[in-house]
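Undergrad: Dropping the structure in here first, questions after.
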Amino acid sequence: MAQVYGYPARFTPHEVRTQAFAVHRRGVDPDEVREFQARVADELTMLNETVRLLSRENDRIRRALRDWQIMHAQECRPPHHNSGHW
């Protein structure tokens with residue numbers, strides 16, 4: 001399992017696709033299991049890509065906000081006049 005973005009280990013699409021199961025006398029259809037594994041792995045791939053893109057967008061927005069805050073703070077500073085008053 002791979003660690004993703006500081007969260008506990010998650011299955012990777014590859015691990016889902018290649019997971020082997022023990023065969024029992026009254027087991028499940030191996031073709032159905034492989035089909036299900038493929039669907040789950042495809043969804044994991046899509047979700048991992050979505051998380052990656054959203055993380056990138058979050059970083060972009062965070063930088064833009066920081067830049068705006070810096071610019072706004074500089075514009076709003078009161079002038080430094082020493083008029084002799086407290």
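The values are calculated or read from the model by the stated rules, or taken from the named source; none is laboratory data. None of the values given here were measured: they were computed from a predicted structure. Cβ sites come from the backbone with ideal geometry, for glycine too, and all protein chains shown count toward neighbours. Ligands, DNA and RNA are stripped out before the accessible areas are found, and what is left, the full protein with its side chains, is counted by its heavy atoms. Shrake-Rupley method; radii C 1.70, N 1.55, O 1.52, S 1.80 Å.
Undergrad: Taking the condition of being at pLDDT below 85 and open to solvent by less than 100 Å² (accessible area, probe 1.4 Å), how many residues in region 1-37 meet it?
TA: Looking only at that region, the number is 6.
Undergrad: Check L53 against each of (1) under 25 Å from F11 (Cβ atoms); (2) at pLDDT below 95 and name the one condition it does not meet.
TA: Status for L53: all satisfied but (2).
Undergrad: List every residue pair whose Cβ atoms lie under 8 Å apart, where the two residues are 6 or more positions apart in sequence or sit on different chains, the first residue falls within region 20-36 and is on the phi > 0 side of the Ramachandran plot and among the hydroxyl-bearing types (S, T, Y), and the second residue, located anywhere, is open to solvent by 100 Å² or more (accessible area, probe 1.4 Å) and assigned to a loop (DSSP other than H, G, I, E, B).
TA: From region 20-36, no pairs qualify.
Undergrad: Can I ask one more? Which residues, counting only those in region 70-85, are open to solvent by 100 Å² or more (accessible area, probe 1.4 Å) and at pLDDT 65 or above?
TA: If the condition is that a residue be open to solvent by 100 Å² or more (accessible area, probe 1.4 Å) and at pLDDT 65 or above, then Q74, E75, R77, H80 are the ones that fit.
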